[in-house]
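Written below as structure tokens is the structure these notes are about.
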Amino acid sequence: MAERPDLFGWSQGATGPAAAGLSRDALVVPEPPETGEAVEAARARLRERTAALRRSVHVRHVDAGSDGSEEWEIQALLGPVYDIGRLGVFFTASPRHADVLLVTGAGARGMSGPLRTTYDGMPDPKVVIAVGTDAVSGGLLRESEAVTGGVAATVPVDVWLPGSPPSPFGILNALLIAVGHL
């Protein structure tokens, strides 16, 4: 980014550093008043928990009732454009090897048990990222009996990433926030 600011840079829109938040309330527009001390305290707690995750991060993805659009964007992270492997971020099939839990979907009630089992199977420290508007709030199905109204009803969320779907760069940004690189 510093080498070629004409090609790479932060925008103020959906792909900027403010596109993912450390609290769900921070995603509400207009933003509710938050003190700088409270945000810094949340960052410090997350930084302390993830201090060991600096060089190699393993991610476990769980679809908790997604429409599939977020999965396309996550898949794009593995291609030559984003190539997150060069950053030391790898996807794993086993929660036993995962540091970060990437959750998509509105939190389907049928997925509550498997999602919680995955979370409980991860070693500490662990970080949970809610990816997409459905995972953050339940989306259009929020009032339905079929969903829990977002994944926070099942697992504690550390980083909230809105968007339907969020861009691959937004997901990468959330991952970097989660492990303390931003």
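Rounded to the nearest 10 square angstrom, SER137 shows an accessible area of 30 square angstrom against a 1.4 Å probe. Here the stretch 97-156 has 56 percent of its accessible surface on carbon and sulfur atoms, given a 1.4 Å probe and all protein chains in place.
Remark: accessible surface ordering of TYR82, TYR119 (largest first) is TYR82, TYR119, probe radius 1.4 Å. Using a simple spin-label model with pseudo-atoms 7 Å out from Cα toward Cβ, ASP124 and ASP83 lie 3.8 nm apart.
Which order do LEU176, LEU141, LEU87, LEU77 take when ranked by solvent-accessible area (1.4 Å probe, heavy atoms of all protein chains), largest first? Show your work: numbers first, answer last.
Details: LEU176 40, LEU141 95, LEU87 75, LEU77 0 Å².
The residues order as LEU141, LEU87, LEU176, LEU77, largest area first.
Between ALA38 and ALA146, the contour length at 0.36 nm per residue exceeds the alpha carbon distance by 35.4 nm.
The values are calculated or read from the model by the stated rules, or taken from the named source; none is laboratory data. Since we're looking at a predicted model, the values are computed, not measured. Counting neighbours? That spans all protein chains shown, and the Cβs are built from the backbone with ideal geometry, glycine included. Surface areas here come from the heavy atoms of the whole protein model, side chains and all, with no ligands, DNA or RNA. Shrake-Rupley method; radii C 1.70, N 1.55, O 1.52, S 1.80 Å.
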